[in-house]
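J.: Once you've had a glance at the structure underneath, I'll fire off some questions.
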Amino acid sequence: MNRNEALALVHEFVKNDNLVKHMLAVEGAMRFYAEKLGGDVEQWAVTGLLHDFDWEIHPTIEGHPLAGEPILRERGVAEDIIRAVMSHADHTGIPRQTTMEKALYACDEVTGLVTAVALVRPSRSLLDLEASSVKKKWKDKAFAAGANRQEIENAAAEFGVELWEHVGNVILAMRRIAPELGLVGNINP
């Protein structure tokens, strides 16, 4: 499945614009890491794009992503991508083994925190956001309380990248697609 087909699948099943932007952010982070680590850029990007495609139709721990797996298979998605999507959710019991699987897990939750920090800045932008700003907000447990900081920390460790280096990499990756994410803010690029 190429990116255009994956994006069509996302738009078929996802109507929430913020969820689409989340999947685009994870796609961007996965693309960044594939380039950095010598992975198959298209494969990693499609994996990031598809990882939550079924959340709106299966919005429970029991349903997502388990109930979405047959849809991916019916659509001809490669098994390694399906396995990565399945492994990004701890409750599936599928261990993360490949670097791509570990990257997906590491990029998923942190993109939401990065987005939340960007949106509360005066600029409302990724273009002037640094990891140090995310680190300051990290300490405030009431801020973006839904962002599981322990999972973010564990995922970065499992991926083998120091947490704040990882946050910086994700910011760089998301900057590349800031217009698509609605996170250019009031900065003129």
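J.: Which GluC sites (Glu not before Pro) in the range 22-109 sit in a loop by DSSP (not H, G, I, E or B) and have at most 10 other Cβ atoms within 10 Å of their own Cβ?
T.: Answer in residue order: Glu62.
J.: Accessible area, 1.4 Å probe, largest first: how do Arg3, Arg124 sort?
T.: Result of the area sort, largest leading: Arg124, Arg3.
J.: Can you send over the carbon and sulfur percentage of the accessible area for the chain, probe radius 1.4 Å, protein chains only? Write down the numbers at each step before the final one.
T.: Details: 4430 of 8550 Å².
Reported share for carbon and sulfur atoms: 52 percent.
J.: Continuing with this model, one more query. Each residue of the range 169-176 in turn: what ³J(HN,Hα) in whole Hz from Karplus with 6.51, -1.76, 1.60 and θ = phi - 60°, glycine and Pro shown as x?
T.: Couplings: 5, 5, 4, 4, 5, 6, 4, 4 Hz.
J.: Report the Rg/Rh value for the range 53-140, based on alpha-carbon coordinates and the Kirkwood definition of Rh.
T.: Result: Rg/Rh = 1.08.
J.: May I pose another question? How many angstrom lie between the C-alpha centres of the range 71-86 and the range 136-176?
T.: So the two Cα centres are separated by 26 Å.
J.: Further question: Would you kindly state how much longer the chain becomes between Arg75 and Thr60 on full extension, computed as 0.36 nm times their sequence separation minus their alpha carbon distance, in nm to one decimal?
T.: Full extension of this stretch gives 3.2 nm more.
J.: Give me the accessible area per residue for the range 83-189, probe 1.4 Å, as a whole number in Å². Walk me through the intermediate numbers first.
T.: Values: 4850 Å² over 107 residues.
Result: 45 Å² per residue.
J.: Calculate, in nm to one decimal, what Asp140 and Glu180 gain on full extension: separation in residues at 0.36 nm each, minus their alpha carbon distance.
T.: 11.6 nm
J.: Also: Of Asp52, Asp17, which has the most accessible area and how do the rest follow, probe 1.4 Å?
T.: Highest to lowest solvent-accessible surface, that is Asp17, Asp52.
The values are calculated or read from the model by the stated rules, or taken from the named source; none is laboratory data. Because the structure is a prediction, the values reported are computed rather than measured. With ideal geometry, Cβ positions are generated from the backbone for all residues, glycine too; neighbour counts draw on all protein chains shown. Heavy atoms of the whole protein, side chains included, go into the accessibility calculation; ligands, DNA and RNA do not. Shrake-Rupley method; radii C 1.70, N 1.55, O 1.52, S 1.80 Å.
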